[in-house]
1. Does the range 6-16 hold any residues that are more than 14 Å from TYR107 (Cα to Cα) and open to solvent by 60 Å² or more (accessible area, probe 1.4 Å), and which are they?
2. Those residues that are under 16 Å from GLY169 (Cα atoms) and buried (at least 18 other Cβ atoms within 10 Å of the Cβ), I need them from the range 39-51; list them, please.
3. For the range 8-41, give me each residue that is closer than 18 Å to ASP116 by Cβ and part of a loop (DSSP other than H, G, I, E, B).
4. Mind checking which residues of the range 17-38 are open to solvent by 40 Å² or more (accessible area, probe 1.4 Å) and touching a helix residue (DSSP H, G or I) at 6+ places or on another chain (Cβ under 6 Å)?
5. Just checking, does the range 37-45 include any residue being closer than 27 Å to GLN94 by Cα and at pLDDT 95 or above?
6. Which members of the range 73-86 meet the condition of being within 17 Å of GLY31 (Cα to Cα) and open to solvent by less than 80 Å² (accessible area, probe 1.4 Å)?
7. Out of the residues in the range 48-62 that are under 13 Å from the mean Cα position of the chain (by Cα) and among the aliphatic types (A, V, I, L, M), which is nearest to VAL32 (Cα to Cα)?
8. Of all the residues that make up the range 42-68, how many are of a type in the set (D, E, K, R) and in a loop (DSSP other than H, G, I, E, B)?
Amino acid sequence: GNIYDGNALFDAINHKNLGSSALSSSAMQAGVTAMREQTSYASKRIGLRPKYLIVPPELEFTGLVLVKSAGVPGSNNNDINPMMGYTQLIVSPQLPAAGTPSNSSWYLAADPAEVDTVEIGFVGGQVNPALFIQDNPLFGLNFTQDAVSYKCRHEYGGAVMDWRGLYRGI
């Protein structure tokens, strides 16, 4: 779906935060450059630096090679790896699994202290889920089958605040 400005969150034309390359050193450098070139509403560059590289489990080891290798991955020479230590790797099992169309997607995210990207709010400020236990022996299956029923309620919502702190590579 589209966000508050009528465009997709990751958009190569309007937001300039969507890449078209698989995860590699050069693709990651292109993502860093794209984030650095994001502008304010006054058209001034804001110079955001990605703090996190977020990948699905299928790209965990590719990500580790990129952010931990001293040399350029796959290179026969002794060039330094400019991406070493540049970001922290986050492996997110919630990202699409193998066999799905976007299982190779990877993301760069800025430090939340620099730019608000996504905000999560909790109804009534209730951050923790509410747990209810049906333990009255006169109702339900408690009396006949010694069963206890549980109900968990967690009310929250989220919204995109600013696309400029996010980048997606395919």
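The values are calculated or read from the model by the stated rules, or taken from the named source; none is laboratory data. Note that the coordinates shown come from a computational prediction; the quantities given were computed from them, not determined experimentally. Here the Cβ positions follow ideal geometry from the backbone for every residue, glycine too, while neighbour counts run over all protein chains shown. In case anyone asks, the SASA skips ligands and DNA or RNA and just uses the protein heavy atoms, side chains included. Shrake-Rupley method; radii C 1.70, N 1.55, O 1.52, S 1.80 Å.
1. Matches in the range 6-16: ILE13, ASN14.
2. Within the range 39-51, just PRO50 meets the criteria.
3. Hits for the range 8-41 are LEU9, PHE10, HIS15, ASN17, GLN38, SER40, TYR41.
4. Across the range 17-38, the qualifying residue is only SER21.
5. Among the residues of the range 37-45, not one is closer than 27 Å to GLN94 by Cα and at pLDDT 95 or above, which makes the answer no.
6. ASN81, PRO82, MET83, GLY85, TYR86
7. Residue satisfying both the conditions and the ranking: LEU53.
8. As a first pass, look at the range 42-68 and keep what is of a type in the set (D, E, K, R): 44-45, 49, 51, 58, 60, 68.
Subsequent filtering for residues that are in a loop (DSSP other than H, G, I, E, B) retains 44, 49.
Number satisfying all stated conditions: 2.
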